[in-house]
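Q: Sharing a structure, written as structure tokens. Questions coming.
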Amino acid sequence: MTIVPNQFFPGDSKPLLVQGAGFQKERREYDVEVSEELERRTKRWREKKYETFLPSVICSAPGATISNIEFVSPVALRATISIPKTCPIGNYDIVVTNPDGAQIVGSNVLQIQSLPNGQIKCRKCSVLMPKPVDIPKNAAERKTWFCPNPACNWHQSITP
Ligand SMILES: [Zn+2]
């Protein structure tokens, strides 16, 4: 199994593509009793209903959640992964469980990296930017940091 992307920072929340083999989507059929009124009209007392079951996907990283699972094909799933800010750095497994209970395990396919030294992540768009440092203790002016992503409007002002 491979995942795209496969490297994340703590605090990331991103789309994820899981590529592998044997992913299953199951459509289960069952009978339900119809209402008396429908039975009178149709002379049938049961009808067929269908329910679709998708694989579940989990990540072994502490606190990580995977949601919005979408079945693309037996070799591809799409999902959204959220990794808490407190997640320890390391390599983690992804486990896909099919509706029949069979599991497909990707060992150590997901890597959580530490943020580069001196950098922080934008709180709004997750782009990396230099950490605000060296705030002069006696400076009167207010310092403002802007996110370097032009599509993002996040900024933070710090009064020394
Ligand atoms: Zn931003």
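Q: Looking only at residues that are away from the ligand (no atom under 16 Å from the Cβ) and of a type in the set (Ser, Thr, Tyr) in region 83-131, which one is nearest to residue 63 (Cα to Cα)?
A: The selected residue is 86.
Q: Assuming residue 152 fulfils every condition listed in (1) more than 15 Å from the ligand (Cβ to nearest atom); (2) at pLDDT 80 or above; (3) not in a strand (DSSP E or B) apart from one, which condition is it?
A: The number of the failed condition is (1).
Q: Which residues, taken from region 39-56, are at pLDDT below 95 and of a type in the set (Phe, Trp, Tyr)?
A: Answer for region 39-56, where residues must be at pLDDT below 95 and of a type in the set (Phe, Trp, Tyr): 45, 50.
Q: Might you let me know whether region 16-38 holds any residue that is in contact with an Asp or Glu (Cβ under 9 Å, 6 or more places away or on another chain), at pLDDT below 95 and not in a strand (DSSP E or B)?
A: Yes, region 16-38 has at least one match.
The values are calculated or read from the model by the stated rules, or taken from the named source; none is laboratory data. Please read these numbers as outputs of a predicted model, since none were measured by experiment. Using ideal geometry, Cβ is built from the backbone for each residue, glycine included, and neighbour counts are taken over all protein chains shown.
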